[in-house]
Amino acid sequence: MLSRRALPTVPAAVLLAAAAALTGCAAPTAPSAAPAPAVTGSPAAPAAAPSASPALTIIDPWVKTTGEGMTAAFGTLVNNGGADVTVVSGASPLSPEVELHEVVESGGTTVMRPKESGFVVPAHGSHPLQPGGDHIMLMGVTEKVEPGAQIPFTLTLKDGSTLEFTAVGKDFAGGEEDYRPGTHTGTRTGGGTGGGTGEGTDGHEDAHSGGDDR
């Protein structure tokens, strides 16, 4: 019959020391990440896009001085855009009837008439409004236009947008242009009906009626 050997007794102090040594050799635990701070308030609004410059502008707009009747406005239309722009009509508190006019040769005479196609300003180009050429005609002006007067205008474009500007009253004799329908431009003055521009007509038929388009 086998005899049972008694196991040696390990002192408690030795066991505690061994446990402490094992604990010291364990890999250090990584610190937990700090929670992200809470976002308060509204998120920052995106920066506003810079406003685009208008495609159509006008340089040096002016109006011929007049006491009554009719006059005309001039300047240089400038197209800063990449597509043609067409001006189809105009308006001003100075006149109840504003038209876009051209000066053409018709029946051996030079006459003014409405420009049915409007003023076409080419892309990245310009279109002059000048005495003896295209201009903005004002009929039945409601007040005297003196040098330095500030006259507001609104031009309407084919796409429905508008161009607003202020033209300055300016004395102009030039080639003695008479900005009334049915007259020569730069030919002769006097001996006519008057009409507020200080220059007479030469008796030709009204260009608006097409009387000279023969």
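Since every read-out is calculated from the coordinates, none of them should be taken as a lab result. Predicted model only: the values in this text are computed from it and were never measured. FYI the Cβ positions are ideal-geometry reconstructions off the backbone, even for glycines, and counts take in every protein chain you see.
Could you give the radius of gyration (one decimal) and Dmax (whole number) of the Cα atoms in the range 56-173, in Å?
Rg, Dmax (Cα atoms, Å): 13.8, 41.
Can you tally the net charge around Leu100? Count Lys and Arg as +1, Asp and Glu as -1, for every other residue whose Cβ sits under 13 Å from the Cβ of Leu100. Numbers along the way, then the final one.
On the way: positive: Arg113, Lys115, Lys158; negative: Glu97, Glu99, Glu102, Glu116, Asp134.
Computed value for this residue: -2.
Long-range amide H contacts for Gly125: which residues qualify at under 5 Å (H placed 1.01 Å from N, peptide plane, sequence gap of 5 or more or a different chain)?
It is Asn79, by chain and number.
Set the Förster distance to 22 Å, then compute FRET efficiency between Phe165 and Ser117 from the Cβ-Cβ distance, nearest 0.05.
0.50
Can you list residues whose amide H is under 5 Å from Asp134's amide H, if they're 5+ apart or on another chain and H is modeled 1.01 Å from N?
For Asp134, the qualifying residues are Val103.
Hey, for a label at Thr57 modelled as a point 7 Å past Cα toward Cβ, could you say which residues of the range 81-118 have their backbone N under 16 Å away?
Once the point is set 7 Å along Cα→Cβ of Thr57, 81-82 turn out to lie under 16 Å by backbone N, inside the range 81-118.
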